[in-house]
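Throughout, read-outs are computed from the coordinates displayed, never taken from laboratory work. It should be emphasised that the depicted structure is a prediction, and the values quoted were computed from it without experimental measurement. A quick note on method: Cβ atoms are made from the backbone with ideal geometry, for glycine too, and the neighbour counts reach across all protein chains shown.
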Amino acid sequence: MAQLKKKIALIFGITGQDGSYLAELLLKKNYIIHGVKRRSSSANTERIDHLFDSVNFSNKRIFIHYGDISDGTSTLNIINKIKPDEIYNLAAQSHVRVSFDIPEYTADITALGALRILEAIRILNLKKTKYYQASSSEMYGLVKNKKSLNELTPFHPRSVYGVSKVFAYHTAVHYREAYGIFASNGILFNHESPRRGPTFVTKKIVQGLTRIKKGIQKKLTLGNLYAVRDWGHAKDYAISMWKILQYKKPDDWVIATNKENTVKKFLNATAKKLSIDIIWKGSGIKEKGIDRKTGRTIVDIDPKYFRPSEVDFLKGSYSKAKKYLKWKPSISTNELIEDMIKYELSKID
Ligand code: NAP
Ligand code: G4F
């Protein structure tokens, strides 16, 4: 019997949180994976090192290439060399707060980076290559009705990160309509994991409170405790990316849990799981979280973590994805917190 040809995927952003889960998933699905890694002074491959085991090496199923989506020529050359069946564009300057400090850089990578990849697909006339764009709930920004947001909700971004993601979103739609490229957007709401970058709020909270519990950190300093987010697990969301590219036609999809929590609720839930009893006192930038047992302030506020314009509310309806992709989240926020705490404890013990 003829052997089925293995599918080839190219992941921009393979060293990031989502890239690592997606690579794991695609290896299980028997893909050949190519990942693009940008040059840095340290290896920066901690999230994917475990994938380079003897099996994958001997089967040569995962390959890493130096590249950078700020460099159109190298991006085109990599795509030309590999001619992948699927391209996942997960590469971005992905930190919203940082985009206020480095807006031009953020737009170059997060907005124009997507354009460079789509242009390469167009110029190389890769009719069979499917493109996934990592779009974001940050595109919704200023939300008028605090209800579940969906594929029809208008965008009103509140940061250059959000503006750049709107550009990339519309560029994907445009290349689909103008050139017939299979380009799809996954509009993913916040998703976290033990592999989340340390300056995102969930990781900061879980890592901070775990260290406080173990006596190796005194205090956790945060910004706005009252923003509402819809937090899922990155492992579930990687599955949605793959499903989006397997659908019969290119389209745009909201991926979320449809559950809302404030930053403070996430913090309180984490503290409870660690048996830390927090009493809250004061308000605004004077608000403090005090450890009932010791009387010490363990959470305080620093205005430097506030954003010049905040996204106050994000909750998404994933009903379209559920109906057509048969996707739904399988890991609850509670289980997510437990997974993150377990990892932090394992790093300390
Ligand atoms: P992440 O951990 O910050 O990963 C971003 C990836 O992009 C990293 O591999 C990073 O490489 C790479 N990258 C950055 N600049 C690059 C450049 N110039 N050229 C090539 N690669 C570059 O982000 P994530 O949480 O996995 O998110 C993946 C994507 O989904 C991002 O586009 C993000 O904006 C989007 N998104 C995320 C969420 C979420 O809640 N996580 C929600 C919606 C959308 P280094 O490792 O070298 O930094
Ligand atoms: O964890 P965050 O930095 O995530 P944010 O801004 O929602 O962005 C993340 O999700 C987006 C999807 O909606 C992605 F597109 C994006 O790439 C990224 O993955 O902040 C969450 C909330 C914000 O309202 C922020 O103001 O937490 C608030 N917050 C309060 N104190 C803090 C802090 N955020 C950070 N990063 N650090 C704090 O100390």
### Task
Take segment 252-267 and flag every residue that is over 19 Å from the mean Cα position of the chain (by Cα) and either surrounded by 18 or more Cβ atoms within 10 Å (Cβ to Cβ) or among the hydroxyl-bearing types (Ser, Thr, Tyr) (or both).
264, 267
### Task
Determine which member of the set 328, 249 is of a type in the set (D, E, K, R), within 23 Å of the chain's Cα centre (by Cα) and in a loop (DSSP other than H, G, I, E, B).
328
### Query
Are there any pairs with C-beta distances below 6 angstrom linking a residue in segment 334-348 that is part of a helix (DSSP H, G or I) to a residue that is of a type in the set (Gly, Ala, Ser), with the two at least 6 apart or on different chains, and if so which?
337/269
### Query
So which residues in segment 182-237 are small (Gly, Ala, Ser), within 12 Å of ligand 1 (Cβ to nearest atom) and either surrounded by 17 or more Cβ atoms within 10 Å (Cβ to Cβ) or over 15 Å from the mean Cα position of the chain (by Cα) (or both)?
186, 193, 232, 234
### Message
Can you tell me which residue is farthest from residue 163 (Cα to Cα) among those in segment 304-326 that are within 16 Å of ligand 1 (Cβ to nearest atom) and small (Gly, Ala, Ser)?
### Response
321
### Query
Of all residues in segment 1-47, which are small (Gly, Ala, Ser) and touching a residue at least 12 places away in the same chain (Cβ under 8 Å)?
9, 13, 16, 19, 20, 23, 35
### Query
Here is a list of conditions, (1) surrounded by fewer than 19 Cβ atoms within 10 Å (Cβ to Cβ); (2) touching a Ser or Thr at 6+ places or on another chain (Cβ under 8 Å); (3) not basic (Lys, Arg), and residue 168 meets all of them except one; can you say which number that is?
(1)
#### Entry: From 152, 126, 142, residue being more than 13 Å from ligand 1 (Cβ to nearest atom), within 18 Å of residue 12 (Cβ to Cβ) and part of a loop (DSSP other than H, G, I, E, B)
126
### Query
Across segment 196-243, what is the total count of residues that are away from ligand 2 (no atom under 12 Å from the Cβ) and either part of a helix (DSSP H, G or I) or within 22 Å of residue 165 (Cα to Cα) (or both)?
14
